[in-house]
Amino acid sequence: MMKEVHVAVGVVRRGDTVLIARRPDHVHQGGLLEFPGGKVEPGERVQDALVRELHEEVGIDVCPMSLRPVIGIRHDYGDKRVFLDVWETDDFAGNPVGREGQYVDWLPTVALNPTDFPKANRPIIQAVQLPRTLPISAGRGLSGDELYEAVRARLEVSRPDWFLLRAPWLQQSEYIAAAARLQAYCDTAGVRMMLHGHPDLIEAVPAAGVHVPLALARDMTARPFASSALLGVSCHSDVELQQAAALGADYAFLGPVAKTTSHPDVDPIGWGEFSALVATANLPVYALGGLGTDDLNRALEAGAQGVAGISYWW
């Protein structure tokens, strides 16, 4: 059996930029960009390995206590299997420099291009560019016009970076009309809106992307639109998470983690099961179900991208 290489990877943030290095031409995946890091030695804590590697590679000093988990990625290159154990920090000392002669620079997170990185790094880019909290709209029974007014009012108060417009009770034409009006507002307010429903919605409203419900995702065999728009998928099991990754989804929802008022008869999976499922998923996963922003640190400890939910926002 091919041995899996455990690699500590650092997402070092400075404002809206992250520290990037270029792999030497003569090594595996040479010439591509990467997040700095290196191999974890036997018996070494991943945080300690990352602190050591960041000092040796780019000359910065990081306190292990400042490191926060981002994502874990397992990838088989055919000739090499790796587990990328990714952590982030914005607390460091020193000016980064390529101590091994490699190119290093600060790049805006929004400008990171997956094709410039090894394939295994690409879910890291997704995680870096996604928010930690993703609020979801509600308001069952509201008309399209009423939904527009209610969501706009919430956006003006809370100003989230992103939100998901969910309104399965509306006819598609009414949903599209409300979404188009909200997108015009979001363009001026600097808020990114995810649509909810059929992937074809992205052709009607130029939103950030579409979150596809599980009932639709089950029948999909390929990514339904270009990577210029984000794809989210609702999941409840390991099989569904693996399908979401195979579809090239940019993120998934997984839950319910806790009891919810909207689905009181559904048994929650709990944090232990959530963490076990996320450990095998090669894409960012939001914890969903009975959670709020107070649960964010617990979610991150369990390997989540963050938390998504209705009640804490709506």
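Of the conditions (1) modelled with pLDDT under 95; (2) outside any loop (DSSP other than H, G, I, E, B); (3) more than 20 Å from Val128 (Cβ to Cβ); (4) hydrophobic (A, V, I, L, M, F, W, C), Leu300 fails just one. Which one is it?
Among (1) modelled with pLDDT under 95; (2) outside any loop (DSSP other than H, G, I, E, B); (3) more than 20 Å from Val128 (Cβ to Cβ); (4) hydrophobic (A, V, I, L, M, F, W, C), Leu300 violates only (3).
Inspect region 278-288 for any residue being closer than 17 Å to Asp161 by Cα and of a type in the set (Val, Ile, Thr) and give the result as yes or no.
Within region 278-288, not a single residue is closer than 17 Å to Asp161 by Cα and of a type in the set (Val, Ile, Thr).
Of these, Phe92, Phe117, which one is more than 21 Å from Gly306 (Cα to Cα), buried (at least 17 other Cβ atoms within 10 Å of the Cβ), modelled with pLDDT of 90 or more and touching a Ser or Thr at 6+ places or on another chain (Cβ under 9 Å)?
Answer to the check: Phe92.
In region 47-89, what residues are open to solvent by less than 50 Å² (accessible area, probe 1.4 Å), out of contact with any helix residue (DSSP H, G or I) (no Cβ under 9 Å at 6 or more places or on another chain) and in a helix (DSSP H, G or I)?
Within region 47-89, Ala49, Glu53, Leu54, Glu57, Val58, Ser66 meet the criteria.
Here's a check for you: in region 95-108, which residue that is open to solvent by less than 50 Å² (accessible area, probe 1.4 Å) and under 13 Å from Glu34 (Cα atoms) is nearest to the chain's Cα centre (by Cα)?
Among them, the one singled out is Leu107.
Return a yes/no flag: does region 199-217 have any residue that is among the β-branched types (Val, Ile, Thr) and modelled with pLDDT under 95.
No, because not a single residue in region 199-217 is among the β-branched types (Val, Ile, Thr) and modelled with pLDDT under 95.
Would you confirm, using the coordinates I've provided, whether Met220 is open to solvent by less than 70 Å² (accessible area, probe 1.4 Å) and in contact (Cβ under 8 Å) with a residue 60 or more places away in the chain?
no
Which condition breaks for Arg159 when tested against (1) exposed (fewer than 15 other Cβ atoms within 10 Å of the Cβ); (2) touching a strand residue (DSSP E or B) at 6+ places or on another chain (Cβ under 6 Å)?
Just one mismatch for Arg159, condition (2).
In region 196-213, what residues are open to solvent by less than 20 Å² (accessible area, probe 1.4 Å) and either among the polar types (S, T, N, Q) or in contact with a Ser or Thr (Cβ under 8 Å, 6 or more places away or on another chain) (or both)?
Answer for region 196-213, where residues must be open to solvent by less than 20 Å² (accessible area, probe 1.4 Å) and either among the polar types (S, T, N, Q) or in contact with a Ser or Thr (Cβ under 8 Å, 6 or more places away or on another chain) (or both): His211, Val212.
Name the single residue, out of those in region 270-289 being among the hydroxyl-bearing types (Ser, Thr, Tyr) and in contact with a strand residue (DSSP E or B) (Cβ under 9 Å, 6 or more places away or on another chain), that is most open to solvent (accessible area, probe 1.4 Å).
Per the criteria, the residue is Thr280.
Only residues that are open to solvent by 10 Å² or more (accessible area, probe 1.4 Å) and in contact with a Leu (Cβ under 9 Å, 6 or more places away or on another chain): list them for region 137-147, please.
Gly139, Leu142, Ser143
Considering only region 201-215, state which residues are under 25 Å from Gly270 (Cα atoms) and not in a loop (DSSP other than H, G, I, E, B).
His211, Val212, Leu214, Ala215
Only one of (1) assigned to a loop (DSSP other than H, G, I, E, B); (2) surrounded by 13 or more Cβ atoms within 10 Å (Cβ to Cβ); (3) not small (Gly, Ala, Ser) fails for Asp267. Which number is that?
It is condition (2) that Asp267 fails.
Quick one: which residue in Gly292, Gly309 is more than 28 Å from Gly248 (Cβ to Cβ) and either out of contact with any helix residue (DSSP H, G or I) (no Cβ under 8 Å at 6 or more places or on another chain) or crowded, with 22+ Cβ neighbours inside 10 Å (or both)?
Only one candidate passes the filter, namely Gly292.
Out of region 181-200, which residues are assigned to a helix (DSSP H, G or I) and of a type in the set (Asp, Glu)?
Result: Asp187, single match.
Could you look through region 1-38, keep only residues that are among the charged types (D, E, K, R) and either modelled with pLDDT of 95 or more or under 20 Å from Asp90 (Cβ atoms) (or both), and pick out the one that is surrounded by the most Cβ atoms within 10 Å (Cβ to Cβ)?
Glu34
For region 223-262, how many residues meet the condition of being of a type outside the set (D, E, K, R), in a loop (DSSP other than H, G, I, E, B), open to solvent by 60 Å² or more (accessible area, probe 1.4 Å) and in contact (Cβ under 8 Å) with a residue 12 or more places away in the chain?
Adding up the residues that qualify gives 4.
The values are calculated or read from the model by the stated rules, or taken from the named source; none is laboratory data. As the structure is a prediction and not an experimental result, all values here were calculated from the model. Counting neighbours? That spans all protein chains shown, and the Cβs are built from the backbone with ideal geometry, glycine included. Protein only, heavy atoms only, side chains kept; ligands, DNA and RNA dropped before computing areas. Shrake-Rupley method; radii C 1.70, N 1.55, O 1.52, S 1.80 Å.
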